[in-house]
Structures are given as C-alpha cells and as structure tokens.
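Input: a single structure, listed below in structure tokens.
The values are calculated or read from the model by the stated rules, or taken from the named source; none is laboratory data. Predicted, not measured: the structure shown is a model, and the values here were computed from it. Cβ atoms come from the backbone with ideal geometry, glycine included; neighbour counts cover every protein chain shown. Surface areas here come from the heavy atoms of the whole protein model, side chains and all, with no ligands, DNA or RNA. Shrake-Rupley method; radii C 1.70, N 1.55, O 1.52, S 1.80 Å.
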Amino acid sequence: MSFSAHIITLFPELFPGPLGASVIGRGMADGLWRLETTQLRDFATDRHRTVDDTPSGGGAGMVLKPDILAKAIDAVSPEGDLRPRLLMSPRGKPLTQARVHELAAGPGAVIVCGRFEGIDQRVIEARELEEISIGDYVLAGGEVAAMVLLEAVVRLLPGVLGTAESHADESFENGLLEYPQYTRPQLFEGREIPPVLTSGDHGKVEKWRRAESERLTRARRPDLLK
C-alpha cells in the first residue's frame, strides 16, 4: 500500500500546490503516494457552516470548535487507522529528519491544519494529535507547514527520487550540514572549482567533503555537533 496523506483544512483548494510539481508530483501521479483533503466546514451543523467560536476567558481571535473538528477527524481516521494524527502548530516539537524518516516508513498521516488562534485543547487530547512545528515563527495557518512536512517525507519514499543515494549525503542525514556543491564552468566570475574536486582522487574528495561539512556545521549549526 502506498503512503496515504489526508489533510483536514478550511482551504482544500490550496492542495496539492507545490506537492503536485516536480518529482513529488510525479510520485503521486505514479501511485507512489496519495493525497486527499477534507473541508472542515462540511462537518458544521448550522447554515452558516460555523467552525469557530470566541476563546474562553476572553482574548482576540477565534478558536476552532472541538466537536466539529472531532467529527472531521473521526470521518477520515476511523478506529483501526494506523496513520498518526498530526497537528501543524508553532508550539509543537520541531520537525527533524529523524521524524521525517519515521513517517516515511509508515502508512501515511492525517494532518490537521489549524487557523485563527488555534484549536480547542480538548480535541488535541481526545484525538491524540501530535503537534509538530516547522520552525520558530507563526504562519496564518497550517497548510503551508503541512506541505513542508509532506515534501520532506514523500521525497524519501522508495522510487520518488530514483535511488537512495540521492539523499544519503544531504544535510541532517548524518548529523552534519551538506558540503558545498559545484559544477561547470570551471571558472565563474574569477572563482574556480576547488581543485580537489577535479583531481579524480575519490579518497581526497570524500575527505574534503567531510571537512567542509564539519566546518559549515560548526559555523552555522553548532547545536548539531553536541
């Protein structure tokens, strides 16, 4: 069975968006993964299709109602569905390459995209939503964050990039940032390709790449070396 992603959102028209392009889109067209969306408003019970209400205790903005969201989650992820239920949230655990690999090895994911001030805490607890953040900043909603997560996951699925070697040396795969890349022409605006890369000595090339990865990681992400 292929990897199956299901998005619960107020803006299903945003999908597939960039997920329908390039190798990710070809993977979907080839049946290597599936994407479905559900409009949260379809589970509202009033004629205005209301899905939010004012926050208890006061404050600005609106909060997604727990009963409406719970109905949507139950409809797309019934009992026995083994896919994890994810909530894109700035207060969630940071998304890591390790978690991306775990998700890619599983059956798929049900992803809830929040809006407004967030969603009622009770539905997070009752439906065991795993909160995931893609960075220390706030977006207008979870849709773009869901696309980021899915692109990171789907590119690891067998057949999407062609070979496992395509991502073996990338940033975060071995605890380091990726080394600099070069291609022809040999001379660009007075800057040359490092001679070691055109030497034909594969041992020296690998040693140079490792040293550059360590140098960049120390300079830019020393936290990865701890």
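For the reader, a short list of remarks on this structure follows.
- Heavy-atom accessible surface of segment 115-165: percent carbon and sulfur, 1.4 Å: 51
- Amide H to amide H, with H built 1.01 Å from N, GLU36 comes under 5 Å of ALA5, HIS6, ILE7, counting only residues 5 or more places away or on other chains.
- Neighbour-limited loop hits for chymotrypsin sites (Phe, Trp or Tyr not before Pro), segment 133-224 (at most 10 other Cβ within 10 Å; DSSP other than H, G, I, E, B): TYR137
- Calculated FRET efficiency for the pair LEU139/THR96, C-beta based, R₀ 22 Å, to 0.05: 0.70
- For segment 141-158, backbone phi angles converted through the Karplus equation (6.51, -1.76, 1.60; θ = phi - 60°) give residue-by-residue couplings of x, x, 5, 5, 4, 5, 5, 4, 4, 5, 5, 4, 6, 5, 5, 8, 5, x Hz, Gly and Pro being listed as x.
- Candidates ALA29, ALA60, ALA109, ranked by Gaussian network fluctuation over the chain, Cα under 10 Å, top entry: ALA60
- For ARG99, neighbours were defined as the other residues whose beta-carbon sits under 10 Å from its Cβ, and their charges (Lys and Arg +1, Asp and Glu -1) total -1.
- Choice from ARG215, ARG184, ARG83 showing the highest fluctuation, given a GNM over the chain with Cα pairs closer than 10 Å: ARG184
- Pairs of Lys residues in the chain, spaced 8 or more positions apart or belonging to different chains, with C-alpha separations under 28 angstrom: 5 in total.
- Efficiency of FRET between LEU216 and SER22 - r from beta-carbon atoms, R0 25 angstrom, step 0.05: 0.45
- Sparsely packed loop sites in segment 22-120 (the trypsin sites (Lys or Arg not before Pro) outside DSSP H, G, I, E and B with at most 12 other Cβ atoms within 10 Å) comprise ARG47.
- Cβ-Cβ FRET estimate between TYR182 and LEU82, R0 fixed at 41 Å, reported to 0.05: 0.40
- Net charge of the neighbourhood of PRO195, taken over other residues with C-beta under 11 Å away and scored Lys/Arg +1, Asp/Glu -1, is -1.
- For segment 7-123: rounded, prolate or oblate by the Cα gyration tensor [a/c cutoff 1.5]: prolate
- Whole-Hz ³J(HN,Hα) from phi, Karplus 6.51 cos²θ - 1.76 cosθ + 1.60, for segment 47-62, glycine and proline x: 5, 8, 6, 6, 10, 9, 8, 5, x, 5, x, x, x, 7, x, 10
- Extended-chain gain in nm, criterion 0.36 nm per residue less alpha-carbon gap, ARG41 and ALA60: 4.7 nm
- Hz values of 3J(HN,Hα) by residue in segment 25-34 - Karplus curve (6.51, -1.76, 1.60), Gly and Pro given as x: x, 5, x, 5, 5, 7, x, 6, 7, 10
- Other residues within the sphere of radius under 15 Å centred on the Cβ of GLY59, judged by their own Cβ, net out at -4 (K and R +1, D and E -1).
- Most mobile of GLY200, GLY106, GLY190 in a GNM of the chain (Cα contacts under 10 Å): GLY190
- Once backbone amide H atoms are built at 1.01 Å from N, SER133 has SER89, GLY92, LYS93, LEU95 as its partners under 5 Å, excluding neighbours fewer than 5 places away on the same chain.
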